[in-house]
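Colleague: This structure is in structure tokens; I'll ask about it shortly.
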Amino acid sequence: MAILPIVTVPDPLLKTISKPVEAVDDDLRSLMDDMLETMYAAPGIGLAAIQVGQPIRLLVMDLTEEEQEPDPQFYVNPVLTWTSEELATYNEGCLSVPEQFADIDRPAECKITFLDYNGVEQNIHAKGLFSTCIQHELDHLNGIVFIDYLSPLKKNMAVRKVKKLVKEGG
Ligand code: ZN
């Protein structure tokens with residue numbers, strides 16, 4: 001496994017509409033393993049393939065707390081099939097927008113159809129943080145980053161801070 005570099009805003013790659021995965025094979029599983037390791041190292045709770053420069057519809061997530069056993073989840077070609085009318089607000093962050101956080105409203109519950117690590121079709125009904133996180137990650141597949149929901153002023157401020165951070169870090 002390998003830790004991959006994470007793309008940060010304002011890199012135009014993050015605006016890419018990712019393409020469906022054609023086959024869940026060993027090459028894809030190798031990328032899934034690398035993405036998981038990259039996410040754990042960051043550390044983060046979710047990562048979309050485009051965040052490591054791969055424009056394909058693939059997500060990895062793990063919402064467990066530090067003291068719990070890891071519970072890695074892989075979502076290939078995830079499709080949102082239902083969202084609740086009720087909204088929930090979470091203070092979101094993103095590995096592509098390091099150290100910036102903002103309250104974002106999203107449907108409190110949603111249903112997703114996807115292929116798992118072995119290419120088997122699965123359906124889930126997500127609630128709470130799980131629902132927010134998977135919608136945040138699904139947005140990445142459609143070229144949307146959470147700061148796109150903020151006012152232009154707040155968004156530009158966040159991008160400027162990330163640019164400064166990246167410059168200082170490199
Ligand atoms: Zn993100």
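Colleague: Show the residue pairs that are 6+ apart or on different chains and have beta-carbon atoms under 7 Å apart, the first residue being within the stretch 46-72 and in contact (Cβ under 8 Å) with a residue 40 or more places away in the chain and acidic (Asp, Glu), the second being in a loop (DSSP other than H, G, I, E, B) and more than 14 Å from the ligand (Cβ to nearest atom).
Modeller: No pair meets every condition.
Colleague: What do you reckon, is ILE144 within 16 Å of the ligand (Cβ to nearest atom) and of a type in the set (Val, Ile, Thr)?
Modeller: yes
Colleague: Which residues, counting only those in the stretch 28-79, are acidic (Asp, Glu) and either farther than 13 Å from ILE3 by Cβ or within 16 Å of the ligand (Cβ to nearest atom) (or both)? Don't jump to the end; show me each part of the working.
Modeller: First, pick out the residues of the stretch 28-79 that are acidic (Asp, Glu): 33-34, 37, 62, 65-67, 69, 71.
ASP62, GLU65, GLU66, GLU67, GLU69, ASP71, listed by residue number.
Colleague: Checking the condition within 16 Å of the ligand (Cβ to nearest atom) and either more than 15 Å from the chain's Cα centre (by Cα) or at pLDDT 95 or above (or both), which residue from ALA23, ALA102, ALA88 passes? Walk me through how you get there before you give the answer.
Modeller: Details: ALA23 fails: within 16 Å of the ligand (Cβ to nearest atom); ALA88 fails: within 16 Å of the ligand (Cβ to nearest atom).
None of the others qualify; the one that does is ALA102.
Colleague: Follow-up. So LEU165 ticks every box in (1) surrounded by fewer than 20 Cβ atoms within 10 Å (Cβ to Cβ); (2) within 28 Å of PRO20 (Cβ to Cβ); (3) more than 15 Å from the chain's Cα centre (by Cα) but one. Which box is left unticked?
Modeller: (2)
Colleague: For residues that are of a type in the set (D, E, K, R), without any contact (Cβ under 8 Å) to a residue 60 or more places away in the chain and surrounded by fewer than 20 Cβ atoms within 10 Å (Cβ to Cβ), scanning just the stretch 117-162, find the one that is farthest from PRO98 (Cα to Cα).
Modeller: Restricting attention to the stretch 117-162, the residues satisfying the condition of being of a type in the set (D, E, K, R) are 121, 127, 137, 139, 148, 154-155, 160-161.
Narrowing further to those that are without any contact (Cβ under 8 Å) to a residue 60 or more places away in the chain: 121, 127, 139, 148, 154-155, 160.
The next check asks that each one be surrounded by fewer than 20 Cβ atoms within 10 Å (Cβ to Cβ); those that pass are 121, 127, 139, 148, 154, 160.
Values: GLU121: 33, LYS127: 25, ASP139: 17, ASP148: 15, LYS154: 15, ARG160: 11 Å.
The qualifying residue farthest from PRO98 (Cα to Cα) is GLU121.
The values are calculated or read from the model by the stated rules, or taken from the named source; none is laboratory data. Just so you know, these numbers come straight off a predicted model, no measurement behind them. Positions of Cβ are backbone-derived with ideal geometry, glycine not excepted, and every protein chain shown enters the neighbour counts.
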